[in-house]
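As structure tokens, the structure follows; a few thoughts come after it.
None of the figures in this text is laboratory data; all of them are computed from the coordinates on show. Bear in mind that the values here come from a model prediction, so they are computed numbers and not experimental data. Because the Cβ atoms are built from the backbone with ideal geometry, glycine has one as well, and the counts that use them run over all protein chains shown.
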Amino acid sequence: MKLFKILTLGLLLTTMVGCEDFLDLQPISEETSGNAYETASQIEAALVGAYESFQSSEYYVWDYLLFQDVRSDNCYAGGDNPEVFQIDNITIPATHSRIFTHWSNLYNAISKANLVIERVSNISDPLLTEARKNQIKGEAIFLRAYHYFTLVKLWGGVPLITNTITSTDANAVNIPRATQETVYAQIIADLELAATLLPETYSNDASINKARATSGAAHALAAKAYAQQPNPDYNAVLLHIQAVETSSANYQLIVYNDLFSGNNYNNAESIIEVQYLGGNEGNYGPQLLLPPSVSGDSWRKFVTPSVDLINAFDTEGDIVRKNASILFESVQWVDEFWGNTQGSVIPFSYKWKNANGFASSDNTYLIRYGDIVLLKAEALNETNQLQAAITEVNRIRSRAELPDLTNAQSNSQQVLRETILKERRLELFQEGQRWDDLARYNALITTMNTLVEIDLRTGNQVNYNMTDAKKLLPIPQQELDRNPALTQNPL
Amino acid sequence: MIYKKLVFITVIFISLLCTSKSVAQNKVTGVVTENDGLPIPGVSVILKGTTIGVSTDFDGKYTLSEGVNQNSVIVFSYIGFKTQEILVKGQSVINVDLQEDTSVLDEVVIVGYGSQLKKDITGSVSTIDSDSFESRPNTQVGSLLQGQSAGVQVISGSGKPSGGFSVRIRGTNSINASSEPLYVVDGVPTTDTRSINPSDIDTITVLKDASSAAIYGAQGANGVVLITTKRGTTSKPKVSLDIYSGVSQVWNTLPVLNGEQYRDLMTEMGLSTDWDSFTARTDWQEEIFQNGFSQNYQASVSGKTEGTSYFISGGHLTQEGAVRTSEIERSNFKINIDQDINDWLKVGTRIAYTSYKDVDINDNNNVNQGGVLLGALTTPSIIGVYNDAGMFTSNPFQNWENPLASTDGLDREYNNNRFLGNIYLEAKFIENFKYKFNYGIDNSNGVFDSFLDPFRTGFGAAIGGQGINNTDKKSYYIVENTLSYNNSFNKHTVEALVGSVTQKFTFENSSIQTRNFASASVTTPNGGSEIFDASAWKSERANASFLSRVNYSFDDKYLLTANFRADGSSVFGPNKRWGYFPSFSLGWRVSNEKFINKDGLINDLKLRAGWGLVGNDNINAYSYLGRVGSGANYPFGGVTQPGTFPGSIENLTLKWEESEQTNIGFDLSMLNNRLSVTADAYIKKTNDLLLNAPLPTTSGFDNAIRNIGEIQNKGIELALNTVNVNSDNFSWNTGFNISFNRNEVVSLVGQELLQGGITGGRGEASLVREGEPLGTLYGYIFGGVDPASGNAYYIDNEGNSTFNPTPEDRTIIGDANPDFYYGVTNTLNYKGFGLFVFLQGSQGNDMLNVTRIETEGMIDPKNQSTAVLDRWRQPGDITDIPRASFGNSDNSRVSTRFIEDASYLRFKTITLSYDLPKNLIDKLGITALKIYGTGENIFTITDYSGFDPEVNAFGGSNTVQGIDFGTYPQTRNLIFGINATF
């Protein structure tokens, strides 16, 4: 009997020894921070993950339209979402769920970029050349700058985080806001560094050159940042645009219709664009905008072009760009601005052409050369080179089959400034530029408060009641609740 | 795992050596029978004051041949029977007829890793036996527990047949880790009880306090529910048949605007259409609600012969829901066998196979998301079901499809096959010692199939239809080795147990989704031309434990139980893997003291006190690791490249959530056992909560799991059982239980959690805050409606009225926790007639009626409830319903306006049964034949204005409770059945 007891005890002890191995389980379908960044292909995958934020962040899918085109004078909310109506009416509370979503998505994107920047230098895989290491670093730095640019435009000064967070301690995560100037300084420093690390092109394959960050993209974004910052440096803008224009990537203006035909993406005008293939790499944005005849369904669509916008196209006689951008169609729902009865004909935002059941293969331009040409005109005008500026505007106008600028449209710096702003509106409608343009031109308050839009349900003009405080979004309440170091924007 | 084999072989080998026993001297033999003369095997026959003893064999025979003399007293004892002591006095044949013991004190209670007599239990344990759930709809284990036991709160999130139950034993202990109790089915732990067949269950034991649950250590923090299935007990095979059929329906509909009233409202909002073209008048509630029919067939055979005890059953259940297309179907097979190999070695098995199918209903969603219940309320009556093109109709102003698009336009079906079973070997290889080996498995395979009609639904048409096939596979095993020791000497009784347990869980799933179907006749994904999603995933977790327990009693008066368990879990890092969980409890049977007169008022009185620590590791596998996920893919060069993303922050210090529990209580039975009372008071503190604490999202993460915070539950429970009348022809028993629990979030390290987002961007309505209970409802204080403008005004945090409150003006507006909950059962028997009435209620809990926000908000072209007929329409109107305000939810914020008292008392079950007289059925060869009719939720007393007060849109959430958002209501069920035994 003793023997048995000893055996049993002995066996119980054996289990104890075996237990630590039994309990030491590693994830099967996931990697860990300890083993996910060791090889060349792993760091490439981390970089791919950083690019993927352009698809997974709702802001870059379609909310940029809400905050740029709907919030401004280009479009109405459309659809049925009370929070989107709030964006249209510029009554966005700090508790608005979409602003928290975007804030966190953008910082998530930044954390992915930071991770790549941090980890890439430690990779000792011989398959990873020094040249590619630099490119990877440049790409990640570009992405970080891109997202900070989005953040600073929406919220002003935001927490500036350039390393990965590995601790949950309060002092590691409760980061206060940096000033707007500091954030811009970081963006510009990042872009200027990225421009040196990145190639002008990667290969002959446009669907790579327009998908990955290039030095052209870094210069173009730097130009936009120099112009958008609180004290614009238009000389720097011009220098960076010069770098874009002299790039061997050979950026060209193409036929306007071809930009938005839906089957000519990654073209010569594109500098960088969000890539979609359809299917599970599909873009769900177009289905939200496109009319029943295209989308195949029949619910009320979002981002409805405004009366004021259509008037702007018509006043200019801009047929080419209007037709490329807007489709009118009779619908079964009522629209409080276009037709308060069923069967009214209303316009749709139409730069995307394919819906494909929430899985479109239509790309989204992040930066295209047409925008840079108008930015160049703006910079030339601001640096008192009016004639050169007019030349640039006319390049854009002639492509839209519009006559060159008249004297009345360009006879002073101030007049030309307003002309360029109008031109940008027609050129870049539905490309997520309008609010930023109005902000940069310091035209938000006058534009929104003189905007005449009649709500047909009441017959009253909508009062947008634009104020200085509303130029920036409120810091999301949920983030304020989590981070006591943050301060709210004036409300 | 070689050691297991070694143990097995060793056991058998050594046990063989023990079989040759010493030769007889002075023999006593006999047969032990029960009342009706049937022999009882396994009766313990012991010479009093010695350790000499045997058990009766299969024919009830025994032979005592050692140490017997003239003055020997032989003690015959068997569970469930009165113990008899007989003086030998020269007899060589002693036949004994044991009397069944009806006293509850000698009731055997299944506890963790063994059983105890009820009188010896020192922890807080309650039992529910099959009597209380016979003749009830045979659906789920959760419903059997409801209202039957003090301290056990069963929250049924909805009334759908496939809906699960959420069980809270003594409150919610955790925020992110599970608060569901552990279920142990015949020794195999599980968390999924949906496919367990209630009619196979013999008893349910609920271990409520730490000292009784601590033997389950890591998994016992939320209490343990032990389910024991039936086994054969009679030598004559017993055949049972149980058949019922029934119907279920909603007991309440809500009044909505008719077509003309809807038109008025839309016109007021500035919406117009060609009203004359909308001629239909559809009652959508009538369309989606149905009489759901159910049928149940159960058959079993059980018996005990030649050392074999067996129970075999099979059954089939189909149940339609009260909402169109919802249903479940379940087939069960069960085999329980215990086989004595010889007088010291026993093996057995419990095997259950279940085939389960359900069709779910999209509830807790508004019509925009295809929610069926809200769809029925907010779809205007003026449209028919199909339009001219054969598609489901939509709201005249928005493409919100009518609710039949969700029920009929989308096929969805879940099928699951589950094998749950164990084998055990029990060896009494040496006197007083018993070794037990148990190996259990729980394997299930599920397949979810879904098909969205490409022609009749709008979304289906947009994507060309959608076929989904998801599979899930769960594998689990447990290996237990326990060694127990039992001895009594003089006045001491000692029982000790040591053991080891290893458990492993493996999960895997795969999913495939295709789109673009050419027809609706092929519904599997192969019919779609475009693979939209295809993926598969695996994970696993493991636990290892060592357990020990000592039960000691002295003179049947002073009782002590001590447990100690060490648990290792793979979800924690190498340095924090092991947790150590002790517990102690004491009992004092006051009634056995000399100063209590046994024949007086009090039959039994026991005081109990216990303290214990239990742990919780019920969080995601690999939680401590910084995980890097795949699938963040992005195309370069037209080809999708693989991408990764950081999924979580590494936390090597993550450790066990611990809950420290103290319990005091007493068991009293008096007045000749006609009144028994059990009362308990407890306090539970859960420390080092495993909390997904929100992080500033600037970190790149939304949250990180950390050990922070503390939750406390304290409460009082009382259970009363009375025998009101007990005469030959008439008996009436009453059971009553009531529970008071107070939950408080003691500390969250300064964090606050807002959860439970409400439709229309109205923010979150559930608050977790220090000093407040979980289930706190949060929002604005509704002031009233301004007669001038018709707008709602609110009270800000300084007590002033405002039309535009800020988020800071939100405050606590309700508490979803009941002040108390209770159950009352009455069992009456008169001759062959039986009446069982079961009332169950909950008092003082608030509900945020978001269904009303959706149906009284008047912000969009949804149909509304008739409450909005009182809305403000012109200056001067005095009302409490604000004006319609299209696209603006300021008038319908989450506020006190939508908080309602959801207290209820309901006649949960009323069963009337009749046992046919013996003389009648004897001729038919039937032992017993019962016919019965049962009504469930026949009558409900509540002030709650929604479909039903017993719902929660967030199901079994720990934190978000008391929200009704178009939730599938509890239904009224009627069944008629017959129960025959041969």
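What to note about this one:
- Under the span-like rule (Cα at least 30 Å along the axis, Kyte-Doolittle mean at least 0.5), DSSP H helices of chain A: A:2-23
- Computed over chain B, the ratio Rg/Rh where both radii use C-alpha atoms and Rh is Kirkwood: 1.00
- Max-minus-min Cα coordinates of segment B:190-254 on each principal axis give 55, 42, 17 Å, with the largest extent listed first.
- Cα-only Debye scattering, chain A: base-10 log of I(q)/I(0) at q = 0.08, 0.11, 0.13 Å⁻¹: -0.52, -0.95, -1.33
- Taking one quarter of the surface of the convex hull spanned by the alpha-carbon atoms of segment B:288-408 gives a direction-averaged projected area of 10.7 nm².
- Mean projected area (nm²) of the alpha-carbon convex hull when segment B:613-742 is viewed from all directions: 15.2 nm²
- Ellipsoid equivalent to the protein assembly as shown - semi-axes via the Cα gyration tensor, in Å: 69, 37, 28
- Using alpha-carbon coordinates, inclination of helix B:259-268 to the longest axis of chain B, degrees: 60 degrees
- Long pairs among B:Lys118/B:Lys491; B:Lys304/B:Lys831; B:Lys357/B:Lys538, criterion Cα-Cα beyond 26 Å: B:Lys304/B:Lys831
- Compared with the rule-of-thumb size 2.2 N^0.38 Å for a compact globular protein, segment B:852-931 has a Cα radius of gyration ratio of 2.36.
- Based on alpha-carbon atoms, the Kirkwood radius and the radius of gyration of segment A:285-349 give Rg/Rh equal to 0.96.
- Pairwise FRET efficiency - B:Ile812 versus A:Glu192, Cβ, R0 = 35 Å, nearest 0.05: 0.10
- Convex hull of Cα atoms in segment A:32-149, direction-averaged projection (nm²): 8.7 nm²
- Compared with the dominant principal axis of the Cα atoms in chain B, helix B:2-18 is inclined by about 30°.
- For segment B:821-854 and segment B:738-753, distance of Cα centres in Å: 27 Å
- Whole-Å semi-axes of the ellipsoid equivalent to segment A:41-91 (Cα gyration tensor, √5λ, descending): 32, 9, 7
- Counting only other chain Cβ atoms within 10 Å of each residue's Cβ, the peptide A:164-175 averages 5.
- Across all Cα pairs in segment B:771-858, the calculated P(r) in 5 Å bins from zero up to the longest distance comes to 3, 11, 13, 14, 15, 11, 7, 6, 5, 5, 4, 3, 2, 1, 0 percent per bin.
- Compactness of segment B:788-838 as Cα Rg over 2.2 N^0.38 Å, two decimals: 2.55
- Inter-chain neighbour count for A:295-301: the average number of beta-carbon atoms from partner chains within 10 Å of each residue's beta-carbon is 6.
- If you model segment B:105-229 as an ellipsoid using its alpha carbon gyration tensor, with each semi-axis the square root of five times an eigenvalue, the axes come out at 21, 18, 12 Å, biggest first.
- Segment B:26-101: proportion of alpha-carbon pairs further apart than 14 angstrom, %: 53 percent
- Rule-of-thumb Rg ratio for segment A:195-256 [Cα; 2.2 N^0.38 Å; N residues]: 1.18
- For the peptide B:644-656, the mean number of other protein chain Cβ atoms found within 10 angstrom of a residue's Cβ is 5.
- 23 Å tail of the calculated P(r), segment B:694-780, as % of Cα pairs: 52 percent
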